[in-house]
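Shown next, in C-alpha cells, is the structure this report addresses.
The values are calculated or read from the model by the stated rules, or taken from the named source; none is laboratory data. These figures come from a predicted structure and were not determined experimentally. Cβ placement follows ideal geometry from the backbone for every residue including glycine, while neighbour counts extend to all protein chains displayed. Side chains are part of the model used for accessible areas, which takes the heavy atoms of the whole protein and leaves out ligands, DNA and RNA. Shrake-Rupley method; radii C 1.70, N 1.55, O 1.52, S 1.80 Å.
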Amino acid sequence: TVTPAPGPSFNPNFAWLLWQRAAADPHGVVLRQREAVTSYAALRDRAAAVACALRGRGLAPGDRVAIFVDHAADAAAAFFGTLAAGGIAVIANENLRPPQIEHILSHGQAGTLIASETPLARQPRPVDAPAGTILPVDALPARGDGEPIERMGMDPAQIIYTSGSTGPPKGVTLSHGNHWAAMRAVTSYLGIAATDRIASILPFSFTYGLNQLVCAVGTGASLVIERSPLPNRIVATLREQRVTVVAGVPPLWGQLLDTHAFTEQPIPSLRILT
C-alpha cells in the first residue's frame, strides 16, 4: 500500500495517491474494461490534464466541480484531477436525469460540470446549466503537467449525494483525510495486494463503488470495469478477467445467487467476496 511519508514535506491532497502510484509503477494496469487497459501513468497524465483545464478556467481551492462522465477512465481522471487542482469533487451518477443533475449543480454550488458526450446526448432535454459551466471531458488532451496542490487533511475533498430514494438527494462531505483513512482501513482488513483484480460493478458516484477505485490505486491492483445489469454478463467478466475481489450490495448478491453460472460453476480466481 502507498503510505505517504510523514513530515513537513507530505501533501495530504488525496490525489497524491495516484501521483505516487504512477511514479512507483507507471506501466502497471489500473483499469481493465473489456480489451482496453489504462496504465497508472496514463491515468495520472489524464488527471493532470483535467487539473490544468480546471485551473485554466479559474478554479480556486475549495470550488465544487460536478462530474457526469460515463467512461470509467475519464471518470477516474476527473475525480483525481479535480482534487489535484484543489477542487471538491461531486460525482453524479451517469443515469441521472436533468432535474437531478440540476439539483446537484445548484445545491452543491458547482461552478463546473465535467461531462462526457454520451450521457448528455441521451437526456430527454438539455441540462439547464449556466453558460460556461460545462467542461467537455472528451475534448481534453491525454496529458497535462503539474502535481496536486497543497491541501490540509481536514479540507473537503468530495461531496457524495445520497440516492434520493426518500426525498431530494442530500450532500455528504468527505475530507482528504477521510479518503486516506478509508483507503488504508479497507486495503488492510481485506488484504488487498498489487496482484489483485478488483471488480468494479458499482458506480463511482456511490461511495462503496468509489472505494474499489481508491483501493486499487492504493495497492497497485487492477480495477476490472463491468457495469452491465445482467448477472450472466457480470459472471462471465469475473471468469474471463480472472477477478479476485468482488464487492457488492444485497440486491447484487441476490442476483448472483440466482445465477447458475455463479453458484454451480467454479471461478477459481475469486478469493474475496465482501
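Side notes on the structure shown:
- Considering only alpha-carbon pairs that sit under 8 angstrom and 6 or more positions apart, the relative contact order computed for the chain is 19 percent.
- Axial C-alpha extent at least 15 Å, average Kyte-Doolittle at least 1.0 - helices from the chain (DSSP): 72-84
- Packing here is the average count of other Cβ atoms within 10 Å per residue, and on that basis the peptides 13-19, 41-47, highest first, run 13-19, 41-47.
- Entry for region 72-194 at q = 0.14, 0.19 Å⁻¹: log10 I(q)/I(0) = -0.71, -1.21, Debye formula applied to identical alpha-carbon scatterers, no solvent contribution.
- For the chain, the per residue solvent-accessible surface stands at 44 Å², with DNA, RNA and ligands left out and a 1.4 Å probe.
- Phi-based couplings in Hz for region 135-143 (Karplus 6.51, -1.76, 1.60; Gly and Pro marked x): 10, x, 5, 5, 8, 7, x, 6, 10
- Accessible surface of the chain, 1.4 Å probe: 57 percent of it comes from carbon and sulfur atoms.
- Euclidean distance of C-alpha centroids, region 168-182 and region 27-65, integer Å: 20
- For region 129-177, the fraction of alpha-carbon pairs in successive 5 Å shells from zero, as %: 5, 14, 11, 13, 22, 23, 9, 3, 1
- Neighbours of Pro130 by Cβ distance under 15 Å: Lys/Arg scored +1, Asp/Glu scored -1, total -1.
- Here is how the number arises for the chain: DSSP H runs of 4 or more residues each give -39500 (n - 2.57), the sum is divided by the residue count, and the result at 222 nm is -11500 deg cm²/dmol.
- Solvent-accessible area of Ile267 with every protein chain in place, 1.4 Å probe, in Å² to the nearest 10: 20
- Think of region 56-148 as a dipole: +1 on every Lys or Arg Cβ, -1 on every Asp or Glu Cβ, centred on the Cα centre; then among Ala75, Pro130, Pro61, Pro130 lies furthest on the positive end.
- At 1.306 mPa s and 10 °C, Stokes diffusion of the chain via Kirkwood alpha-carbon radius, µm² per second: 84
- Each peptide in 203-216, 242-255 receives the mean, over its residues, of other Cβ atoms within 10 Å, and ordering these scores from highest gives 203-216, 242-255.
- Region 187-217 versus region 118-133: alpha-carbon centroid distance in Å: 30
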